[in-house]
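The values are calculated or read from the model by the stated rules, or taken from the named source; none is laboratory data. Because the structure is predicted, anything quoted here is derived from the model rather than measured. No Cβ is skipped: glycine too gets one built from the backbone with ideal geometry, and neighbour counts run over all protein chains shown. Protein only, heavy atoms only, side chains kept; ligands, DNA and RNA dropped before computing areas. Shrake-Rupley method; radii C 1.70, N 1.55, O 1.52, S 1.80 Å.
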Amino acid sequence: MSFYSIWGLTGGIYIKGIGVSSGIAIGRVFVDWKEQVEIEKEYVDDVEVELDRLNAAIEVAGQEIKDLYDDVSSRLGRDEVEMFATHGMMIEDSEFIGQIKGRIITENVNAEWAVRSVADKFIQVFEDMDDDYLKAKADDVKDVATRMCRLLLHIEGSDLSNLREKSIVVAKAFTASEIVQMNRDKVLGVVSQEGTLTSHAVIMARSWGVPAVIDVSNVLDVVETGDMIVVDGSEGVVILNPDEDTLHIYSEKQREFVDFSKKLSQMAGKSTESEDGYPIKLYANADTGRDVQGALKNGVSGIGLFRTERLYMDRDRLPTEGEQFGLYKKAVQEMGGKTVIFRTLDIGCDKIPGYLNVPDEDNPALGYRAIRLSLARADIFRIQLKALLRSSAFGKAKIMFPMISGIEELRLAKGVLEDVKNDLRKDGVPFNPEIEVGVMIEVPAAAVVSDLIAEEVDFMSIGTNDLIQYTLAVDRTNRNLSHLFSPFHPAVLRLVKMTIDNCRKAGVKVSLCGEMASDSLLIPVLMGMGLERFSMNVDSILKARWIISQLGKKNMEDTLSEIWGLTTAKDVRRFCEDRFGSLKKAF
Ligand code: PEP
Ligand code: MG
């Protein structure tokens, strides 16, 4: 409640949050069932009744997990659903189920309490294990136990991966893997009580194009499954139990948004240029084949950021060289001669698969992450580089190293790459020996020495999500600090400009692939800085193309000189809102 307010208007309860994906959704709420389960201990007279209840819940849970496994494997591929196979085994595990039954019989307690208390014991055992793979099993126990408790308590609905009705999903927070599991056809909108703009879960949600609002204070205290709700992802507001007038207004807004989106769709496949005819290249950020297809549909100059880590997440082992090669080759071939910039593994921080032995750290964002992890685990890094190099024989693949902080790391990474090239040569495996190599500029140190880095790379891509985090010392996932996480901060703008200028002087290509690249208020500023390559989520491509077509490049250069006269992030934001707010309102 500290930054946002809840206020009752005649039209319903308006709750302010942060809009992270534009559009209007109107529909019934589905509260993530994790939030609904409250277990109380009760003593029972008839243990047989409890055992029958338990057996019934086990049967239904088993069926649900099986359905889920079938559904998700048909949509997402076998490897991504291994966790549901584990859940299936757990619900049949004689040790786990035996202990639950034993507790009901010996302690005369209700079934849900027995499930929860036995699960807690198992969870503790797994969490205390040294092996990270086994440690991660604690989450599987939690998931299965919560499913059983939901069934025992007859909580309406189903889980997020198996929604039956089209719904607006409300939860405390979503993890990246939960978003992966959701059935996109059933989700009208997404609302979370917590969350930050640049978390990976939000980036994934946005790439679907469903209206989404995050950081909606106390929303779980006021909504229930089945409530009518409006989600305005453009304004960052949700309206609970809207009255007829409000519904009418928002239905109208929804219609306008859909009409405008249709108009935008006519820009698919067109080239991108400013109002005064200056060409701009738009690239897509991708992490799946679906994104590649979307990028092709909208018409892009290539994939500017292919986040490869997804292949390493949501599974319990490393992907093989063959699995990686298959994915990379497919993307490169589908892009048919257009650039695909593969970013090497960016694991760590808020993306750590359980099976990697990444030690717990007090400061994970400043720790063992991205290129640091790759250099320390050359076994993993070399396999990825091999797969990437092999894919370069099939199209225009490029390699980009994340979180480079200076020349030393760059040289080390390039050294490993050369070594892997030699291995491939020896084995007679085809690859492009001239493959272009670049870096992400997302650590302030790298931006400051971007003139030196420019001497040793073919291209750079400015990752502002992390550049802002590290420049302003604001954790990008900390909701209490989200008001301080600002791309409008003059320090961020100066670092971006410095990098663009250094690249231009050295004749090195530069793009920007953070969320800032698709911000309607900042596209004009970046154009003024001379940025010619923007890389963004697929669903932002047409919007960006339209915005750029409304702006004169020369005017933007003049506007930028006015911005340099401003001293605070707030002032810059206000200035951009005054000048370019009308562009934002169009969405
Ligand atoms: C960034 O940091 O701006 C970026 C694009 O990378 P990610 O969001 O995957 O960290
Ligand atoms: Mg980053």
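Listed by position, the helices (runs of 4 or more DSSP H) contained in region 539-585 that have at least 3 residues being more than 30 Å from Arg290 (Cβ to Cβ) are 553-563, 569-585. Among the residues of region 427-469, those identified as within 13 Å of ligand 1 (Cβ to nearest atom), over 20 Å from Arg504 (Cβ atoms) and either not assigned by TED's automatic domain parsing to the domain that holds Asp519 or not aliphatic (A, V, I, L, M) (or both) are Asn465, Asp466, Gln469. Residues of region 470-484 that are under 24 Å from Phe534 (Cβ atoms), more than 12 Å from ligand 1 (Cβ to nearest atom) and either touching a helix residue (DSSP H, G or I) at 6+ places or on another chain (Cβ under 6 Å) or of a type in the set (D, E, K, R) (or both): Val474 alone.
In region 435-455, the qualifying residues are those that are part of a loop (DSSP other than H, G, I, E, B) and within 17 Å of Arg343 (Cα to Cα), and the one that is farthest from ligand 2 (Cβ to nearest atom) is Ile435. Taking each residue of region 101-129 that is surrounded by fewer than 18 Cβ atoms within 10 Å (Cβ to Cβ) and looking for partners that are not in a helix (DSSP H, G or I) with beta-carbon atoms closer than 6 Å, six or more apart or interchain, yields Asn108/Tyr43; Asn108/Val44. Here Lys338 does not qualify as modelled with pLDDT under 95, closer than 30 Å to Ile541 by Cβ, more than 16 Å from ligand 2 (Cβ to nearest atom) and open to solvent by 30 Å² or more (accessible area, probe 1.4 Å).
A quick yes/no check of all residues on (1) in a loop (DSSP other than H, G, I, E, B); (2) at pLDDT 85 or above:
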residue	(1), (2)
Phe174	yes, no
Ile179	no, no
Leu188	no, yes
Thr196	yes, no
Val202	no, no
Leu220	no, yes
Glu224	yes, yes
Ile239	no, yes
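Within region 432-451, residues that are closer than 15 Å to Leu388 by Cα sit with their Cβ atoms under 7 Å from residues that are open to solvent by 30 Å² or more (accessible area, probe 1.4 Å) and more than 14 Å from ligand 2 (Cβ to nearest atom), at 6+ positions apart or across chains, in these pairs: Asn432/Ala393; Glu436/Asp458; Val437/Lys414; Val437/Asp458; Gly438/Asp458. Helices (runs of 4 or more DSSP H) fully within region 459-534 that include at least 3 residues being at pLDDT below 95, buried (at least 22 other Cβ atoms within 10 Å of the Cβ) and within 16 Å of ligand 2 (Cβ to nearest atom): none found.
Are any residues in region 510-539 of a type in the set (D, E, K, R) and in contact (Cβ under 8 Å) with a residue 60 or more places away in the chain, and if so, which ones?
Glu515, Glu532, Arg533, Asp539
Among the residues of region 371-408 satisfying the criterion of being in contact with a strand residue (DSSP E or B) (Cβ under 6 Å, 6 or more places away or on another chain), in a helix (DSSP H, G or I) and hydrophobic (A, V, I, L, M, F, W, C), which is farthest from Lys330 (Cα to Cα)?
My answer is Leu373.
For region 570-587, filtering for residues that are touching a helix residue (DSSP H, G or I) at 6+ places or on another chain (Cβ under 7 Å) and either of a type in the set (D, E, K, R) or more than 14 Å from Met527 (Cα to Cα) (or both) leaves 6.
Does Asn285 satisfy the condition of being at pLDDT 90 or above and within 30 Å of Gln469 (Cβ to Cβ)?
yes
If the condition is being surrounded by 13 or more Cβ atoms within 10 Å (Cβ to Cβ) and in contact with a helix residue (DSSP H, G or I) (Cβ under 6 Å, 6 or more places away or on another chain), then region 276-288 contributes Tyr278, Ile280, Leu282, Ala284, Ala286, Asp287.
Out of Leu264, Leu296, I need the residue that is in a helix (DSSP H, G or I), touching a residue at least 24 places away in the same chain (Cβ under 8 Å), within 23 Å of the chain's Cα centre (by Cα) and more than 16 Å from ligand 1 (Cβ to nearest atom). Which one?
Leu296
Ile404 - would you say it is assigned by TED's automatic domain parsing to the domain that holds Ser535 and either exposed (fewer than 15 other Cβ atoms within 10 Å of the Cβ) or in contact with a Leu (Cβ under 9 Å, 6 or more places away or on another chain) (or both)?
Yes.
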